[in-house]
1. Using all Cα-Cα distances in the chain, what percent lands in each 10 angstrom bin from 0 up to the longest?
2. If amide H atoms are built 1.01 Å from N in the plane of the peptide, which residues on other chains or at least 5 residues away come under 5 Å of the amide H of residue 104?
3. Between residue 159 and residue 177, with labels modelled 7 Å along Cα→Cβ, what's the label distance in nm to one decimal, could you check?
4. In whole Hz, what ³J(HN,Hα) sequence does segment 7-18 give by Karplus (6.51, -1.76, 1.60; θ = phi - 60°), x for Gly and Pro?
5. Could you go through segment 25-39 in sequence order and give the Karplus-derived ³J(HN,Hα) for each residue, using 6.51 cos²θ - 1.76 cosθ + 1.60 with θ = phi - 60°, rounded to whole Hz, and x for Gly and Pro?
6. Please build a GNM for the chain, connecting alpha carbons under 10 Å apart, and tell me which residue among 137, 27, 41 fluctuates the most.
7. For an R0 of 35 angstrom, estimate the FRET efficiency from the Cβ-Cβ distance between residue 166 and residue 129 and round to the nearest 0.05.
8. Based on the alpha-carbon gyration tensor of segment 107-187, what equivalent-ellipsoid semi-axes (square roots of 5 times the eigenvalues) come out, in whole Å, largest first?
Amino acid sequence: MTRWLPLYVRSRRLPAALAGSAVAVAVMTASWSAFSDRPEVPAGLAVLTTAMAVAPLGPTLAGTDPALERTAAWSWAPRRAGHLLAYGAVVVGLLAAARMLGADFGPLSVLARNTAGLTGLVGLGAALAGARAAWQVPTAWAALGAFLAAPGGPEWRQVALWMAQEPGNRIAAVTAATFLLGGVVAYALRVGPQVAAAEAALEQ
């Protein structure tokens with residue numbers, strides 16, 4: 001293992017974030033198992049659980065030194081891309097593992113699609129608004145989708161409610177892939193808007 005990886009993981013507070021994701025999935029799994037005799041979780045609740053599991057990713061997308069984030073001394077782009085993709089893979093694993101505890105959040109293809117799209121949206125949020133606000137848009141979108149979860153309809157509706165679409169839905173898959181690609185590229189190249197030195201010092 002390279003020497004930079006443990007330092008990177010610790011500086012980004014990844015253990016705490018991953019614990020938060022695991023707790024979110026565990027709480028929803030326990031709640032569903034306690035109040036239902038069937039393992040299949042409704043699509044809306046599954047979408048909301050996925051968003052709750054992805055949300056802790058946001059604060060990990062920036063370190064404590066904004067100046068270091070913009071230096072060329074490190075090859076940041078591959079690390080940032082790997083950060084997003086690895087976290088998303090862990091979330092998919094947590095959701096899939098919940099089946100062993102009595103909660104089925106959906107087919108693996110849907111879990112991967114929704115997690116990928118939400119992860120990309122978090123990356124876009126970090127690039128455009130900063131890591132602290134990165135979770136807001138994907139979480140709000142997922143919450144809206146959870147209440148309006150209904151597959152099918154006009155193409156614009158399938159795009160808007162892409163997280164609630166059936167497995168194999170091409171529009172939903174393209175939408176999620178677009179968000180993931182855009183988020184990975186945007187975050188790999190940029191972390192948040194430029195801030196004044198005084199403001200950065202206050203945030204630390």
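Each reported figure results from applying straightforward, stated rules to the coordinates on display, with no laboratory input. A quick note: this is a predicted structure, and the numbers were derived from the prediction, not measured. All Cβ positions, even for glycine, are placed from backbone atoms using ideal geometry, and neighbour counts span all protein chains on display.
1. 9, 35, 33, 17, 6, 0
2. Residues meeting the criterion, in which the H sits 1.01 Å from N, are 40, 41.
3. Distance between label points: 1.6 nm.
4. Along segment 7-18, the couplings run 5, 5, 4, 5, 5, 8, 6, 5, x, 5, 5, 5 Hz.
5. Here the 3J(HN,Hα) series is 5, 5, 5, 5, 5, 5, 5, 5, 5, 6, 10, 9, 8, 10, x Hz.
6. Comparing 137, 27, 41 in the GNM, the peak value goes to 27.
7. 0.65
8. The three semi-axes for segment 107-187 are 21, 13, 10 Å.
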